[in-house]
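Peer 1: Have a look at the structure that comes next, please.
The values are calculated or read from the model by the stated rules, or taken from the named source; none is laboratory data. All figures in this text were calculated on a predicted structure; none of them were measured in a lab. Methodologically, a virtual Cβ is constructed for each residue, glycine included, from the backbone with ideal geometry; neighbour enumeration extends over all protein chains shown. Remember, those area values only see protein heavy atoms, side chains included, never the ligands or the DNA or RNA. Shrake-Rupley method; radii C 1.70, N 1.55, O 1.52, S 1.80 Å.
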Amino acid sequence: MKYRFLILRRVVQVGILVLFFVGNFSWVSIAGKNYGVYQGDTSVFIEDSRNLAAGESKITNRAMHFFQGNLSSSKIFGVIPMSDPLAVAQLFLAGGALALDIYIGLIVVLVIYGLFLGRAYCAYVCPVNLVVDFAAYLRRKFGLNTLVKQIHIGRNAKYGILFLTLVLCFIFGIAVFEMISPISMLHRGIVFGMGAGFFGILAVFLFDFLLLKNGFCGHICPLGATFSLIGKYSIWRVKYNFEKCTQCMQCVQICPENQVLHNVGRKSAVIDGMACIKCGRCIEVCNDNALTYGIANLIKRRQNEV
Amino acid sequence: MGFDESRRRSLLKMTQAAGMLAVGGLIWSAYIYEAKATSLLLLPPGAKQKDEFLKSCIKCGMCVEACPYYTLKLAKPLDNLPVGVPYFTPRDIPCYMCKDVPCVNVCPSGALDKELLTDNGRLDVNKSRMGVAIVDTKNCIAYAGIQCDACYRACPLIDKALYLEYKRNDRTGKHSFLLPMVDNDVCTGCGKCERACVTEIASITVLPRDVVLGKMGTNYIKGWDKQDESRLKDASTQINKTSKDKATDYLNSGGDL
């Protein structure tokens, strides 16, 4: 069971994308012929004259409407709204007069991730994780991690970029990260058609593969920074048990944010670095069962701080 | 005076970080400014003014999913529009002006504003102002004297937004011109006319209103229009005698030309 959480994550990640994708899928019947319309691409029935009846005959399967919208803002079963906290923050600072749905969606997300899941968004939901994990896999295969670092960008740069994002939103009156975000490009691309957004994804892949290990998510992404901040006190944590540990350090090698594992080999502790994406890779590579998912004991943690 | 190396190093690090942010911000700003400046963006019905719209649109694409005619698309990178915003291209698929305006109903962020389309508590899609149709009178075949009323027939507000002006054709002496004319106040910018136009490149085109419409200014008053004339009620009766100079002085030594 060395890959149980990895498989779970892939199933969840891809599953969410598929649900968004089918949410936008529809059928059209024109002159007795049926066409499946992917990503709103009408070229499939263009020869059959783009006739006015198209609108009458568009069939969206309500049963497939698990998710409407995309990861920027969505509705589950057409009822529960969810919105991307960074997108909301950007629009808010840009001076947008947002409707209630967006704020309710924000609260839903803040409660789920703030209280429980923390930065698990990055590991279990974000589609860019698929790209960067593939890049990280190739880095290991090609042995690039053992070479001298190509560039130096600090782990805290993502907070700086988050700050820059918010300042620019305020200055320009537009959601500035949304205009270049490879995360948005990818999930929007999968639901509504990729276009040149592909090159944005390619850039992230090459950056992570050739330049910097876990470069995008670990050092740059302001959305990751946002979820780190939101989930600082979330209770679902990875726990480390010093007594069981044989200090093989496999967990530290596999961890995409390995600075959070600073207690490994020193003392038993809850991994409470806010950058931890709770992907569970450390748990499954550990041969000694020294790492487990668990619930942080809030009272105990407070005593430790005092 | 000796110097503390670690202090020096941390100072350097801090300045480097600030410098990187500044350079990054500069490049990013240039891109944002360019991308925001695109003027040829046709937004869905009920959209706020472009600047206001861009401040509120979260780019979720729910309007795109709701549109039964596949009219709306989300702008992709290199589309020359702000990435992710919904737009439409009337020559491909115009807006069919659904009575219940599903795109506006589904918008979670309020970027598409129901208020703008509400008249006496009822949704009225004809209040939308997505753009305005402009006729190219040199390439429109009706202006060449050929009978065509494709755009006129296609207009959902026929005889209101798009009407025909009859004019004698002096060249033939026995025909008349049936000239399509747009009433800017009524035109919704749905683009059905542009879609219907028979010329190779449409001779009637929908453009964003702020790109083409002028503004008269408050100093002109239409005396024949009661409402406009009423503006005179509050006008000051004081006459501004600004100059006691003679006309020749004004011509010879006054102001810049």
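Peer 1: Among the residues of the range B:45-59, count how many are at the interface with chain A (Cβ under 8 Å from one of its Cβ atoms) and part of a helix (DSSP H, G or I).
Peer 2: Total satisfying the criteria: 5.
Peer 1: Take A:ILE230 and decide whether it is in contact with a Pro (Cβ under 9 Å, 6 or more places away or on another chain), assigned to a loop (DSSP other than H, G, I, E, B) and buried (at least 17 other Cβ atoms within 10 Å of the Cβ). Spell out the reasoning first.
Peer 2: Values: in contact with a Pro (Cβ under 9 Å, 6 or more places away or on another chain): yes; assigned to a loop (DSSP other than H, G, I, E, B): no; buried (at least 17 other Cβ atoms within 10 Å of the Cβ): yes.
It is false that A:ILE230 is in contact with a Pro (Cβ under 9 Å, 6 or more places away or on another chain), assigned to a loop (DSSP other than H, G, I, E, B) and buried (at least 17 other Cβ atoms within 10 Å of the Cβ).
Peer 1: Please determine whether any residue of the range B:97-110 is closer than 30 Å to B:CYS148 by Cβ and either open to solvent by 30 Å² or more (accessible area, probe 1.4 Å) or free of Cβ contacts under 8 Å to residues at least 60 places away in the same chain (or both).
Peer 2: Scanning the range B:97-110 turns up at least one residue that is closer than 30 Å to B:CYS148 by Cβ and either open to solvent by 30 Å² or more (accessible area, probe 1.4 Å) or free of Cβ contacts under 8 Å to residues at least 60 places away in the same chain (or both).
Peer 1: Which of the residues belonging to the range B:127-143 are more than 26 Å from B:CYS60 (Cβ to Cβ) and crowded, with 18+ Cβ neighbours inside 10 Å?
Peer 2: Applying the first criterion (more than 26 Å from B:CYS60 (Cβ to Cβ)) to the range B:127-143 yields B:132-143.
Answer for the range B:127-143, where residues must be more than 26 Å from B:CYS60 (Cβ to Cβ) and crowded, with 18+ Cβ neighbours inside 10 Å: B:VAL132, B:ALA133, B:ILE134, B:VAL135, B:CYS140, B:ALA142, B:TYR143.
Peer 1: Modelled with pLDDT of 85 or more, assigned to a helix (DSSP H, G or I), facing chain B (nearest Cβ under 10 Å) and crowded, with 18+ Cβ neighbours inside 10 Å: is that true of A:ILE16 in this structure? Even if it seems obvious, please write down each step before you answer.
Peer 2: Details: modelled with pLDDT of 85 or more: yes; assigned to a helix (DSSP H, G or I): yes; facing chain B (nearest Cβ under 10 Å): no; crowded, with 18+ Cβ neighbours inside 10 Å: yes.
Against the criterion (modelled with pLDDT of 85 or more, assigned to a helix (DSSP H, G or I), facing chain B (nearest Cβ under 10 Å) and crowded, with 18+ Cβ neighbours inside 10 Å), A:ILE16 does not qualify.
Peer 1: Scan the range B:66-84 for residues that are in contact (Cβ under 8 Å) with a residue 12 or more places away in the chain and either open to solvent by 10 Å² or more (accessible area, probe 1.4 Å) or out of contact with any Leu (no Cβ under 7 Å at 6 or more places or on another chain) (or both) and jot them down. Write out each step before concluding.
Peer 2: Filtering the range B:66-84 for residues in contact (Cβ under 8 Å) with a residue 12 or more places away in the chain gives B:66-75, B:80-84.
B:ALA66, B:CYS67, B:PRO68, B:TYR69, B:TYR70, B:THR71, B:LEU72, B:LYS73, B:LEU74, B:ASN80, B:LEU81, B:VAL83 - these are the residues of the range B:66-84 that are in contact (Cβ under 8 Å) with a residue 12 or more places away in the chain and either open to solvent by 10 Å² or more (accessible area, probe 1.4 Å) or out of contact with any Leu (no Cβ under 7 Å at 6 or more places or on another chain) (or both).
Peer 1: Out of the residues in the range B:147-166 meeting the condition of being closer than 15 Å to B:LEU178 by Cα and assigned to a loop (DSSP other than H, G, I, E, B), tell me which one is most open to solvent (accessible area, probe 1.4 Å).
Peer 2: Restricting to residues being closer than 15 Å to B:LEU178 by Cα and assigned to a loop (DSSP other than H, G, I, E, B), the top hit is B:GLN147.
Peer 1: May I ask you to list the residues in the range A:83-94 that are more than 7 Å from every other protein chain (Cβ to nearest Cβ) and either free of Cβ contacts under 8 Å to residues at least 40 places away in the same chain or open to solvent by less than 50 Å² (accessible area, probe 1.4 Å) (or both)?
Peer 2: A:ASP84, A:PRO85, A:LEU86, A:VAL88, A:ALA89, A:GLN90, A:PHE92
Peer 1: Any residue that is modelled with pLDDT of 90 or more, touching a Ser or Thr at 6+ places or on another chain (Cβ under 9 Å), farther than 30 Å from A:CYS169 by Cα and assigned to a loop (DSSP other than H, G, I, E, B) - is there at least one of those in the range A:290-302?
Peer 2: Within the range A:290-302, one or more residues are modelled with pLDDT of 90 or more, touching a Ser or Thr at 6+ places or on another chain (Cβ under 9 Å), farther than 30 Å from A:CYS169 by Cα and assigned to a loop (DSSP other than H, G, I, E, B).
Peer 1: Conditions first: (1) under 23 Å from A:LYS278 (Cα atoms); (2) free of Cβ contacts under 8 Å to residues at least 60 places away in the same chain. A:VAL132 passes all but one, so which condition is the exception?
Peer 2: Of the numbered conditions (1) under 23 Å from A:LYS278 (Cα atoms); (2) free of Cβ contacts under 8 Å to residues at least 60 places away in the same chain, the odd one out for A:VAL132 is (2).
Peer 1: I've got another one for you. Taking A:TYR113 as the residue in question, decide whether it is within 14 Å of chain B (Cβ to nearest Cβ) and in a helix (DSSP H, G or I).
Peer 2: Working: within 14 Å of chain B (Cβ to nearest Cβ): no; in a helix (DSSP H, G or I): yes.
Here the answer is no, as A:TYR113 does not meet what is asked.
Peer 1: Name the residues in the range B:113-146 that are within 18 Å of the chain's Cα centre (by Cα), assigned to a loop (DSSP other than H, G, I, E, B) and closer than 30 Å to A:LEU100 by Cβ, would you? Write out each step before concluding.
Peer 2: Here is the first cut: in the range B:113-146, the residues within 18 Å of the chain's Cα centre (by Cα) are B:113, B:116-117, B:125-136.
If we keep only those that are assigned to a loop (DSSP other than H, G, I, E, B) as well, we get B:113, B:128-131, B:136.
Scanning the range B:113-146 gives B:ASP113, B:SER128, B:ARG129, B:MET130, B:GLY131.
Peer 1: Something else now. Given A:PHE170, A:PHE198, A:PHE134, which one is in a helix (DSSP H, G or I), at the interface with chain B (Cβ under 9 Å from one of its Cβ atoms) and open to solvent by 10 Å² or more (accessible area, probe 1.4 Å)?
Peer 2: On the way: A:PHE170 fails: at the interface with chain B (Cβ under 9 Å from one of its Cβ atoms); A:PHE134 fails: at the interface with chain B (Cβ under 9 Å from one of its Cβ atoms).
Exactly one of A:PHE170, A:PHE198, A:PHE134 is in a helix (DSSP H, G or I), at the interface with chain B (Cβ under 9 Å from one of its Cβ atoms) and open to solvent by 10 Å² or more (accessible area, probe 1.4 Å), namely A:PHE198.
Peer 1: Moving on to the next point. Which fully enclosed helices (runs of 4 or more DSSP H) of the range B:186-257 have 3 or more residues being modelled with pLDDT of 90 or more and either closer than 28 Å to B:GLU52 by Cβ or open to solvent by less than 90 Å² (accessible area, probe 1.4 Å) (or both)?
Peer 2: Working: elements: B:192-196, B:209-212, B:226-229, B:247-253.
Filter on the range B:186-257 gives B:192-196, B:209-212.
Peer 1: Now for a different question. May I ask you to list pairs of residues, at least six apart or on different chains, whose Cβ atoms are under 7 Å apart, with the first in the range A:274-298 being open to solvent by 10 Å² or more (accessible area, probe 1.4 Å) and the second being of a type in the set (Ser, Thr, Tyr) and part of a loop (DSSP other than H, G, I, E, B)?
Peer 2: As it stands, the answer is A:ASP288/A:THR246, since those pairs meet every condition given.
Peer 1: Within the range B:68-78, can you find the residues that are more than 7 Å from every other protein chain (Cβ to nearest Cβ) and not hydrophobic (A, V, I, L, M, F, W, C)? Spell out the reasoning first.
Peer 2: Applying the first criterion (more than 7 Å from every other protein chain (Cβ to nearest Cβ)) to the range B:68-78 yields B:71-72, B:75.
Of everything in the range B:68-78, just one residue is more than 7 Å from every other protein chain (Cβ to nearest Cβ) and not hydrophobic (A, V, I, L, M, F, W, C), namely B:THR71.
Peer 1: Is there a residue being in a helix (DSSP H, G or I), open to solvent by 60 Å² or more (accessible area, probe 1.4 Å), more than 12 Å from chain B (Cβ to nearest Cβ) and modelled with pLDDT under 90 anywhere in the range A:146-154? Write out each step before concluding.
Peer 2: So in the range A:146-154, the residues in a helix (DSSP H, G or I) come out as A:146.
Pick out the ones that are also open to solvent by 60 Å² or more (accessible area, probe 1.4 Å) and you get A:146.
Okay, now just the ones that are also more than 12 Å from chain B (Cβ to nearest Cβ), so A:146.
Next cut, modelled with pLDDT under 90 only: A:146.
Yes, there is a match, as at least one residue in the range A:146-154 is in a helix (DSSP H, G or I), open to solvent by 60 Å² or more (accessible area, probe 1.4 Å), more than 12 Å from chain B (Cβ to nearest Cβ) and modelled with pLDDT under 90.
Peer 1: So which residues in the range A:35-52 are open to solvent by 70 Å² or more (accessible area, probe 1.4 Å) and modelled with pLDDT of 80 or more? Show your work before the answer.
Peer 2: Here is the first cut: in the range A:35-52, the ones open to solvent by 70 Å² or more (accessible area, probe 1.4 Å) are A:38, A:41, A:46-47, A:52.
Passing the criteria: A:TYR38, A:ASP41.
Peer 1: With the checklist (1) in contact with a Ser or Thr (Cβ under 9 Å, 6 or more places away or on another chain); (2) within 27 Å of A:GLN253 (Cα to Cα) in hand, flag the one item A:LEU168 doesn't pass.
Peer 2: All conditions pass for A:LEU168, except number (2).
Okay, residues lined up against (1) surrounded by 13 or more Cβ atoms within 10 Å (Cβ to Cβ); (2) at pLDDT 90 or above; (3) under 19 Å from B:PRO68 (Cα atoms):
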residue: A:ALA54; (1), (2), (3): yes, no, yes
residue: A:ARG62; (1), (2), (3): no, no, yes
residue: A:SER73; (1), (2), (3): yes, yes, no
residue: A:PRO81; (1), (2), (3): yes, yes, no
residue: A:GLY96; (1), (2), (3): yes, no, no
